[in-house]
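The values are calculated or read from the model by the stated rules, or taken from the named source; none is laboratory data. Predicted model, so just to flag it, every value in this text is computed and none were measured. Glycine gets a Cβ as well: all are built from the backbone with ideal geometry, and neighbour counts include every protein chain shown.
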Amino acid sequence: MKSKLRLAVLATLFSASLPALAMPEAIPETWGGDLATRPRLTGDWGGLRDEMAKKGIVLDVDAYWTPQTITSGGRDAGGSNWGNAIVALMVDTGKLGLWPGGYFKVQTISSFGNNLLYDSGAMIPANEFWILPTTKPDTGIQELTYTQFFSPQFGLQLGKINSLAPTNQFHGDNRTGFLNTALNFPVALAMVPLSAYGATALYLPSYDITVAGMVLDPNGTIMDDSLNNAFSDGVMALLSGDIKINPFGLPGHQNLTFAWSNKERPSLIQDPSNIARSLLTARYPRLGNPGPVLVDILEKHAPALLVPTQPLNMENETWAAVYSFEQYLWQPEGESKRGLGTFFSFGLSDGKANPVKYSYSLGLVGKGIVPGRPHDEFGIGWALTEFSDNFIPYMRDTFNLGLHRESAVEVYYNFAVTPWLSISPSYQYISPALDKVQDGNGNFKNLDNTQLLGIRVGLRF
């Protein structure tokens, strides 16, 4: 009974930035059924999958294919195909007959194809999948964790933590919802690693209140599995509080998350000329020790290059904070997972090392409200990112590249064709932060607003 209560409580937990410490989704009563109704394409594997689930073992393989094209604006018009394959193994130690309250999960993510990350001209990726596991085709371990619940109110998680785990109702789920990163993730928390070694503690003093704390290796990445250098450069710490609300009998929640790190990072406040010399010296190391012959030449033709490069200014403390809420506006009677809802988030940072000063997102999402389509979903969202005034002043002022706010509007509709097949057309209109970009020949060109069309096909095997 306690185990069921624990999962019932945690299944309702939503968070703007911290993953829930629970199995990612409810396990179906059976993996079998005909092709149109079974929860996964490959069914129950002759009964083996159902037997594994009874013993707490779940193996899932999901694939997402996102062909997209730039119809206007950006660096260059054109299309590409990008795909991701996600393999997840989850083990419930209680069901396995070992000890109650324990959960093990390992998840890998692979990518293939080509993306429009740079061609879009946007500073914030227009498709969150483009950066998973890296910006190029590769494979990495996104999550490797063990979670232990000591009571329905308290749990701990250790290992390599996936900070992008989808836990929201209306945003934060790139598998069926928005594609744009700014609508999935509060980008003011851009310095939080996507995947890193660390620990999370979860405390539920009541059904309506959740407090979570997390410490992460600030240098963690999906592709880095080594523990040798973990926490060698400091720590990333997050504290999150979430409270459920029920105005007019409609469920919602509000969340406040604070992030802090003591990792030493290059400051955005620098001498522009020193930045230029540092970049040049890094590319041509000989300039750092030119020798007498080269000194004579430089004194005559480029004396500025002989000015010694000074150490870059550094920041040893950075912070960011995000407030968000999600709220149902309407639900069919007796339907807890269907309805029309809205979301909002606002984030800010110190702007000294984090290039993102402010971030906003706002949207409207409908779940199962289209007649005859109880499992379909649609949404319209707007996101705005404001960059720090200190961010790359040399590039902005010297080359007149601009660097102001970046906004994005996205509209999508997710067709739940079957429980294992989804097709989501998407349209985005992006106003990039940069006014100019370099083309393939190194020449600067004006950057117009970008229109991006795409479709996401999701398969669950």
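Return the residue satisfying two criteria in turn: it lies in segment 198-218 and is outside any loop (DSSP other than H, G, I, E, B) and among the hydroxyl-bearing types (Ser, Thr, Tyr), and of such residues it is surrounded by the most Cβ atoms within 10 Å (Cβ to Cβ).
Thr210
Taking the condition of being over 16 Å from the mean Cα position of the chain (by Cα) and within 18 Å of Gln438 (Cα to Cα), how many residues in segment 123-137 meet it?
Within segment 123-137, the first condition is being over 16 Å from the mean Cα position of the chain (by Cα), and the residues that meet it are 136-137.
The next check asks that each one be within 18 Å of Gln438 (Cα to Cα); those that pass are none.
Total satisfying the criteria: 0.
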When you go through Gln107, Gln157, Gln142 one by one, which is the residue that is polar (S, T, N, Q) and either under 25 Å from Thr30 (Cβ atoms) or surrounded by fewer than 22 Cβ atoms within 10 Å (Cβ to Cβ) (or both)? Gln107
Give the residue, chosen from Ala416, Ala408, Ala383, that is farther than 20 Å from Gly73 by Cβ, aliphatic (A, V, I, L, M) and modelled with pLDDT of 95 or more. Ala416
Only one of Asn84, Asn114 is under 14 Å from Arg456 (Cα atoms) and polar (S, T, N, Q); which? Asn84
Restricting attention to segment 344-359, does a residue exist that is buried (at least 18 other Cβ atoms within 10 Å of the Cβ), under 18 Å from Asn414 (Cβ atoms) and not acidic (Asp, Glu)? no
